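The values are calculated or read from the model by the stated rules, or taken from the named source; none is laboratory data. For clarity, every value in this text was computed on a predicted model and none was experimentally measured. All Cβ positions, even for glycine, are placed from backbone atoms using ideal geometry, and neighbour counts span all protein chains on display. Side chains are part of the model used for accessible areas, which takes the heavy atoms of the whole protein and leaves out ligands, DNA and RNA. Shrake-Rupley method; radii C 1.70, N 1.55, O 1.52, S 1.80 Å.
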Amino acid sequence: MRVISGTAKGHPLKSVSGQGTRPTTDKIKESLFQKIGPYFDGGTALDLFAGSGGLGIEALSRGVEHCVFVDKDPLAIKTIHANVTKCKFETRAEIYRNEALRSLSVAAKNGTRFVLIFLDPPYHLSILPKALKKIDQEQLLDQGGLIVTEHDTDVSMPDKFDTFALWKREEYSRQTTMTLYRSTR
């Protein structure tokens, strides 16, 4: 794993040891960022279920001003800290060990809005629809913002919510699909 483009281009990223995380491959990450960017002009991103932090770090490298990283695994948090430090993004990152839905409630309470939200939970969890519903209810996606979900190809994702709607769906393999939503506000 490495940073594909931007100010931290080429920096290798540590992955979380063990079987609990599945990092987004460099090939998928490069294809994804060509669709959603490839570069950004500021704003705040959320890397929920962050794992190694690869998606949020790529966004920072490509111009997102600030990124909030959230994972409940202590090894993931340690890895994110190491990767953020290696890329010299410490002042532009917040890293929290927390449950996903609880962290969305905290963001809403603090009035935080995101231009970019990455949702890449473990495929065996069925939390993705709940997280999307919470993001919608709390109106956490900024005007013009984008949500990127990575999930098993067998998972059926809704097309529309009140504050965002399906923009693109890309199947990368028999197992991996990206469903992208854009703000409708």
Worksheet, complete the sentence: Under the 7 Å Cα-to-Cβ spin-label approximation, Arg169 and Asp41 lie apart by a distance in nanometres of 3.2
Discussion item. Give me the one-decimal nm value for the distance between modelled label points at Lys72 and Ser15, 7 Å along each residue's Cα-to-Cβ direction.
Written reply: 2.3
Fill in: Shape category assigned to segment 15-97 from the gyration tensor of Cα positions, a/c cut at 1.5
oblate
Worksheet entry | Accessible surface of segment 106-185, 1.4 Å probe, proportion on carbon and sulfur as whole % | 43
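For the chain, what does -39500 (n - 2.57) per DSSP helix run (n ≥ 4), summed and divided by total residues, give at 222 nm, in deg cm²/dmol to the nearest 500? Mind showing how you got there, number by number?
Working: 5 runs with 53 residues, N = 185.
Calculated from helices alone, the mean residue ellipticity at 222 nm is -8500 deg cm²/dmol.
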Discussion item. About the Cα centre, and with charges only on the beta carbon of Lys, Arg (+1) and Asp, Glu (-1), how big is the dipole of segment 1-148? Nearest 20 debye, please.
Written reply: 280
Response to the item:
Checking Leu60, Leu101, Leu48 against a Gaussian network model of the chain (alpha-carbon springs below 10 Å), the top fluctuating residue turns out to be Leu101
Practice prompt. Could I have the simple spin-label model distance between Ser105 and His81, label points 7 Å from Cα toward Cβ, reported in nm to one decimal?
Written response: 2.6
Worksheet item: Per residue, how much accessible area does segment 22-75 have with a 1.4 Å probe, in Å²?
Response: 36
